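The values are calculated or read from the model by the stated rules, or taken from the named source; none is laboratory data. This one's a predicted model, so the numbers in the text were calculated from it and none came from an experiment. Glycine also receives a Cβ, built like all others from the backbone with ideal geometry; neighbour counts cover every protein chain displayed.
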Amino acid sequence: MPSKPIQTITIFSGSADQLAQKYMQGAWELGALLAERGLTLVFGGGKTGLMGAVADGALTRSGQVVGVINESLNTPNLAHAGLSRMEILPDLHTRKARMSALADAYIALPGGYGTFDELFEALTWAQIGLHTKPIGLLNIEGYFNPLLALVDHAIAEHFIYPEHRQLIICEEAPMPCWEKMRAYQPPENLSALGGTPVNISTLLIDLDDTVYPATSQVWQLVMKRMYIYMRDYLGIPEDEVPAMRDRLFNRYGTTLRGLQIERGIDAKAYLDYVHDVDLSAILSPDAELRAALERIELPKIIFTNACESHAHNVLGLMELESCFNGIIDVVAVQPYCKPEPEAYQIALKLAGSPDPREVLMVDDRLENLASAANLGMHTVLVSPLPQDGFRTIPRLALLPDLLGSAGSENPTCAARKLISFLIKPLILYASLIRLCYSCYSN
């Protein structure tokens, strides 16, 4: 069944002028129908072509209509001025990600390249199990018949599995399309984590730009403190700091690791300084993410290249601390850090020594996931942009949908449940050992 009841439908459609009246009328009727059913309509924010027609149809029935438009298209000639709400995004990619995030279901109207792109992205994400949302085609006057013929040809030539044809709900009129979408049940054999069933016993989840979105500017504040530290404490000329920081980061995985190797800095003093930032105006409780994490019945551990105090600060502000079984910070795996393989090996030991083949690593950096994959772990990239070779979700709250049954307790997970209770004391013990060693060394 769909992951949740349909309340919001994202519309993909053409915005070209001089379209035949049959297309304009069909789009208007769809908007009116959705509004009459109490559904919120999300679309590309334009006032021309079928975009404008579907929005106008909903607005005439007092429906809620949300436009999502990128800055370059937000002009009086293109943007619809009478919407319930308009969201303005910096670029096309974040616009598409936002439209997908808002959707409980999708309907594609006739359109061109942009509509095809949005439609097939939604289909691809459904095919690999990233969502179970219904995807409808309003096939006005048979507009999509050649496209459907191409899909059928791809199936005949074994490029698409026959059962994935069921992902497309196609009707020529709005009412039958809506009724089929309400009754939609996705194919049962979709696998979000590849072509074969997997058992996941432990989740390692990155913190920065993974738990919270990269757009929150947390990392920018931390980086500013890095620059000041390098300038004021290490005497590096201000105009040389950015390039040096980038070089250290790219070569060693973290600026800290690079400064330890090349400058011999004290890790604790550096971490305390760069993470001494007030995030209360940036981060706030995230009820959606909390509910999503609580749906996952597996041990979940933060594995971060930051320090533990920063992790507690972030999770506390977002009210997520109780969702995790422990924190493995950069100090716990020193002298290594992600993406060095040794860091993952230490992290696995601290997590109770699960089989790497039963571990899922979630991160926003490809190089960190590549190292995890090399050790046999499953991986998920958190990014608004899909990447070849990596299962991708635009935000962490979608992880339960990706996991499906793999996120539920299984025999392996049940056997590890006792171990999960030992994770926090084990990590705390490791921290105490490090503290004692640091005091003795000094």
Open item on the list: Consider the stretch 114-162. How many of its residues are out of contact with any Pro (no Cβ under 9 Å at 6 or more places or on another chain), aromatic (F, W, Y) and modelled with pLDDT of 95 or more?
Closed with: 1
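Quick check, is I261 surrounded by 15 or more Cβ atoms within 10 Å (Cβ to Cβ) and touching a Phe, Trp or Tyr at 6+ places or on another chain (Cβ under 7 Å)?
On the way: surrounded by 15 or more Cβ atoms within 10 Å (Cβ to Cβ): no; touching a Phe, Trp or Tyr at 6+ places or on another chain (Cβ under 7 Å): yes.
When the stated conditions are applied, I261 does not pass them.
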Open item on the list: Just checking, does the stretch 85-95 include any residue being surrounded by 22 or more Cβ atoms within 10 Å (Cβ to Cβ) and under 25 Å from R61 (Cβ atoms)?
Closed with: no
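Given the criteria surrounded by 20 or more Cβ atoms within 10 Å (Cβ to Cβ), touching a Leu at 6+ places or on another chain (Cβ under 7 Å) and free of Cβ contacts under 8 Å to residues at least 40 places away in the same chain, does V68 qualify? Please lay out each step first, then the result.
Numbers: surrounded by 20 or more Cβ atoms within 10 Å (Cβ to Cβ): yes; touching a Leu at 6+ places or on another chain (Cβ under 7 Å): yes; free of Cβ contacts under 8 Å to residues at least 40 places away in the same chain: yes.
When the stated conditions are applied, V68 passes them.
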TODO: Any chance you could count how many residues in the stretch 293-316 are buried (at least 19 other Cβ atoms within 10 Å of the Cβ) and either hydroxyl-bearing (S, T, Y) or farther than 26 Å from E367 by Cβ (or both)?
DONE: 1
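So in the stretch 199-219, with the set limited to residues that are over 15 Å from A281 (Cα atoms) and of a type in the set (G, A, S), which one is modelled with the lowest pLDDT? It would help to see each step written out before you state the result.
Step one: list which residues in the stretch 199-219 are over 15 Å from A281 (Cα atoms), which gives 199-211, 214.
In the following step, the residues that additionally are of a type in the set (G, A, S) were identified as 201, 214.
Details: S201: 92, A214: 88.
So, considering only residues that are over 15 Å from A281 (Cα atoms) and of a type in the set (G, A, S), the one modelled with the lowest pLDDT is A214.
From the set of residues in the stretch 37-54 that are farther than 16 Å from A105 by Cβ and of a type in the set (A, V, I, L, M, F, W, C), which is surrounded by the most Cβ atoms within 10 Å (Cβ to Cβ)?
Checking each candidate, the answer is L50.
Rundown of residues vs (1) assigned to a loop (DSSP other than H, G, I, E, B); (2) crowded, with 21+ Cβ neighbours inside 10 Å; (3) among the aliphatic types (A, V, I, L, M), yes/no style:
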{"position": "A101", "(1), (2), (3)": "no, no, yes"}
{"position": "I107", "(1), (2), (3)": "no, yes, yes"}
{"position": "P110", "(1), (2), (3)": "yes, yes, no"}
{"position": "K133", "(1), (2), (3)": "yes, yes, no"}
{"position": "L148", "(1), (2), (3)": "no, no, yes"}
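Scan the stretch 343-388 for residues that are within 18 Å of the chain's Cα centre (by Cα) and among the polar types (S, T, N, Q) and jot them down. Let's see the steps before the verdict.
Going residue by residue through the stretch 343-388, those that are within 18 Å of the chain's Cα centre (by Cα) are 360-370, 378-388.
Those that are within 18 Å of the chain's Cα centre (by Cα) and among the polar types (S, T, N, Q): N368, T379, S383, Q387.
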